[in-house]
1. Just the residues that are farther than 19 Å from I336 by Cα and exposed (fewer than 15 other Cβ atoms within 10 Å of the Cβ), please, taken from the range 364-398.
2. Could you look through the range 25-55, keep only residues that are of a type in the set (A, V, I, L, M), within 15 Å of the ligand (Cβ to nearest atom) and modelled with pLDDT of 95 or more, and pick out the one that is surrounded by the fewest Cβ atoms within 10 Å (Cβ to Cβ)?
3. Condition first: within 18 Å of F124 (Cβ to Cβ) and part of a helix (DSSP H, G or I). Can you find one or more residues in the range 36-46 that meet it?
4. Considering only residues that are free of Cβ contacts under 8 Å to residues at least 60 places away in the same chain and among the hydroxyl-bearing types (S, T, Y), which ones fall in the range 72-106?
5. Contact list please: Cβ distance under 6 Å, first residue in the range 107-132 and within 20 Å of A84 (Cα to Cα) and near the ligand (Cβ under 6 Å from one of its atoms), second residue part of a strand (DSSP E or B) and of a type in the set (D, E, K, R), pairs at least six apart or on different chains.
6. Six or more apart or on different chains, Cβ atoms under 6 Å: show the pairs whose first residue is in the range 386-415 and touching a residue at least 60 places away in the same chain (Cβ under 8 Å) and whose second is among the aromatic types (F, W, Y).
7. Looking at the range 399-408 only, could you name the residues that are among the hydrophobic types (A, V, I, L, M, F, W, C) and either loosely packed, with under 14 Cβ neighbours inside 10 Å or farther than 13 Å from R343 by Cα (or both)?
8. Which members of the range 80-98 meet the condition of being of a type outside the set (K, R) and assigned to a helix (DSSP H, G or I)?
Amino acid sequence: MKITNIKGMEDLLPERMLRWKEGLEKIENLALSYGYLPIKTPILQRIELFKRVLGEASDIVNKEMYSLTDKGGRELVLKPEETASVARMFNEHNLSFRGLPQRYYYFSSYYRQEKPQKGRLREFHQFGIESIGSSSPFMDVEVITLYYEIIKLFDIDVKIRINSLGCKKCRPLYRKELEIYLRDRKDDLCDDCKRRLETNPLRVLDCKNEKCIRVTADAPKSEDFLCDDCRKHHEAVLESLDELNIPYVKDPKLVRGLDYYNRTIFEGESSKLGAQSAVGGGGRYDYLMEQLEWKPMPAVGFAIGMERLMMASGKEETSLPPIDLFIAAIGKDSIIKGMDLARELRKKGFSVFMDLSDRSLKSQMKQANKKDARFVIIIGDTEISENKVIIKDMANGSQKDIDMDVETISKEMSV
Ligand code: HAM
C-alpha cells in the first residue's frame, strides 16, 4: 500500500510557499514597525500548560489535542495555539525585566484534531502577536489596529466583531443571568448546547445551530453586566477605534472558543470563507499568567490563520518566478565550467539554473523554456577551447558569441 498524507494536513507546494513568503514578509515588516519582535517556542509543550489555561471544558482540551508520552514518561502535546506557550516563555526567561510592555510576534504550525473541512485543518499555520504587561485600553486598540492593517495589506473585506467579557468581578453575575435564561429554554437548544449549559454556558452564544441562534437572540448581553472599570475600559477601546477610523461592529454574542479571555475580545470575519469564516481573533488575557502560577500580568494579542488569510485574499498561489539565466552545458568539463560561472553570477544577484544530467542541447533548451529563462548560455568543448560562450536572448531569439568571463556575461544580461 502506498503511503499517503494525513487527513487535514497539507503539503505546501512552491506556488503556495512563495505566496506565503511574499505575504509573510509584508506582515512581519509591519509588525516590526510597531515594535513587535520575533520569537519561537518549541512545537512540543507539556500538556498541563494547555489544560490549565484553555479550560478543561474547551473543545481543544476536550477532544482536539494531539498528545503523546515521550520516553521519559512526560505527557506532551503538539501546540494547539501559541498564547499559553508565550506566557510560559515570558515568565521562564523573566522577560518583564526588559521593561513593560513586551511585544512579540510569531509564525508557526499548530495542531488540532478537528473534523477537517474547507478552511479547517488539523495542521494549520498562524501569524500572531502578544503584547504583555499593559492593562491600558489603548494597548487593546493598538493590537486591533495592527490586526486591521495586516488585513488591509491583503485587500480583504473583513468585518471586525468586538465584545467585552468583563472581569472576575462582573463576569460571574453575567454568567449566572445567562444560565438562568438558557435553563428556561433548555429544551429548545441543540444537544451540544445542552451539554455546554453545564460546562460553559457562554459558548451557547456562538453556536451556529438555527435552534440555538433563535434561543439566544434575546439572551442577556455581557455588556449590560460590566462593572464600572470594565465598562470604562470597553468604552475607551470603542471610542478610540472610532477616532482612529478602525471599522468594527459590536457583537454581544461573540465569546471566542478559548477560556482565558477577559474584557476585550475580537474576531475578524470574511464573507468569502463559508462556514469557517474567522480570519483571526484575539483579545485580552489578564488572568492567564496567574493560572500558570506566575505573577499576574495583563496581556493582549491575536492570531491569524495563514491558510484562511490567503484564501480570503483570493490569491492562494503565485506563479513561479522566471530565472535570469539557464546554463546549458554539454560534457563534464563544460558542466564544471558552467557551475563555476553560475556560482559567481549568483553572487552578483542573478538567478541561475543548470541541468546537471548532461542531457542533449535540445532537451536542455526545452527546460530553459519551461523555466522561463531570460537568457541561455551554451557551453560545449568548442566554447571551452576558445574561452567563449554562446548567449541567447530568449525574448527575441538573438544570439552571439561573447567572452567566457563573469563581467562580460553579467554586462550582457544587464542591458
Ligand atoms: P483561535 O481563534 O483559536 O485563537 O485561532 C486564531 C485563528 O487561527 C482563527 O481565527 C483561524 O483563522 C485560525 N485557525 C484556528 N483553527 C484553525 C483550523 N483548525 N484550521 C485552520 N485555521 C484555523 C487562538 O489561537 C489564540 N491563541 C489567539 C490569541 C492570541 N489570543 C490572544 N493572543
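1. K366, N369, K370, D372, A395, N396, G397, S398
2. Applying the filter and picking the extreme gives I43.
3. Within the range 36-46 (the criterion being within 18 Å of F124 (Cβ to Cβ) and part of a helix (DSSP H, G or I)), the answer is no, since none of the residues qualifies.
4. S85
5. Hits for this filter: E114/R120.
6. Every condition considered, the pairs that remain are M413/F375.
7. Within the range 399-408, I402, M404 qualify.
8. Of everything in the range 80-98, those that are of a type outside the set (K, R) and assigned to a helix (DSSP H, G or I) turn out to be T83, A84, S85, V86, A87, M89, F90, N91, E92, L95, S96, F97.
The values are calculated or read from the model by the stated rules, or taken from the named source; none is laboratory data. Predicted model only: the values in this text are computed from it and were never measured. All Cβ positions, glycine included, derive from the backbone under ideal geometry; neighbour counts span all protein chains shown.
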